[in-house]
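The values are calculated or read from the model by the stated rules, or taken from the named source; none is laboratory data. These figures come from a predicted structure and were not determined experimentally. Ideal geometry is used to build each Cβ from the backbone, glycine not excepted, and the neighbour counts take in all protein chains shown.
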Amino acid sequence: MEAWKLRIWAKILLNWEPYNIVKYMLRPSSRWAAKMVTKMKNLLTGATIEKTFPSSERLDEADIERWKAQYLFNSGNSYTFMDTETYDQFEFEWEKIWDQTKFLKDDMDVSILKWNGNVINIELPQNVEYKIIEAEPWVKWDTASSANKKAKIETWAEIMVPLFIESWEMVVVNTETWEYKERVK
């Protein structure tokens, strides 16, 4: 795959390890070829790096297998998931999946990622419904600073929501970008 064809959540191989593209931006140049600026997460270690590729560079896609699993519970820094077909259980340490733990709900269906025969990481559904448990109050004339306010969802993660969202409402959150998407009707 050429660097200019990258997209968010694409899985690539870099230095013989699988990486997940978290963010990318095409940076055009008037004198040289455009460059692709990326932020990537190592699926084996959980470490995040930034790397710039020439737009013409060829990147290898990582051969990642996915299968359905369910989040069961966490015990300290360990998160347990169960394969919904074989009932095998897998544990992940917080350091490996820290950015996804803030959006894990009880009994949530996720995808388990497997590479070279080893379970390496999880992937959350892209859009998930959450209950707002706490939202900052909105003063009708307070729109000069921004049109968003902070709110906590049922997993205690903090997100930005529009001013009209109240506590105890249901909203859809994009778990890839960590952003409010819409109110549940």
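Taking every residue in region 36-52 that is assigned by TED's automatic domain parsing to the domain that holds TYR24 and pairing it with any residue that is polar (S, T, N, Q) and in a strand (DSSP E or B), at least 6 positions away or on another chain, the pairs with Cβ-Cβ distances below 6 Å are VAL37/THR52; LYS41/ASN20; LYS41/THR48; LEU43/ASN20; LEU43/ASN121; LYS51/THR38.
Pick from region 155-185 the residues that are among the acidic types (Asp, Glu) and surrounded by 14 or more Cβ atoms within 10 Å (Cβ to Cβ): which of them is modelled with the highest pLDDT?
Ranking the qualifying residues of region 155-185, first place goes to GLU169.
MET25 meets all of the listed conditions (1) in a strand (DSSP E or B); (2) in the same structural domain as LYS114 (by TED's automatic domain parsing); (3) not basic (Lys, Arg) but one, namely (2).
Kindly evaluate TRP138 against the criterion of being more than 19 Å from TRP9 (Cα to Cα), of a type in the set (Phe, Trp, Tyr) and in the same structural domain as TRP168 (by TED's automatic domain parsing). Here the answer is yes, as TRP138 does meet what is asked.
Restricting region 48-79 to residues that are surrounded by 14 or more Cβ atoms within 10 Å (Cβ to Cβ), over 18 Å from the mean Cα position of the chain (by Cα) and more than 30 Å from MET25 (Cα to Cα), the residue that is modelled with the lowest pLDDT is ASN74. Per the listing SER111, SER75, the residue uniquely of a type in the set (Gly, Ala, Ser), within 21 Å of THR48 (Cα to Cα) and in contact with a strand residue (DSSP E or B) (Cβ under 9 Å, 6 or more places away or on another chain) is SER111.
Where strands (runs of 3 or more DSSP E) sit wholly within region 80-148, those with at least 2 residues that are loosely packed, with under 15 Cβ neighbours inside 10 Å and at pLDDT 90 or above occupy 89-93, 127-135.
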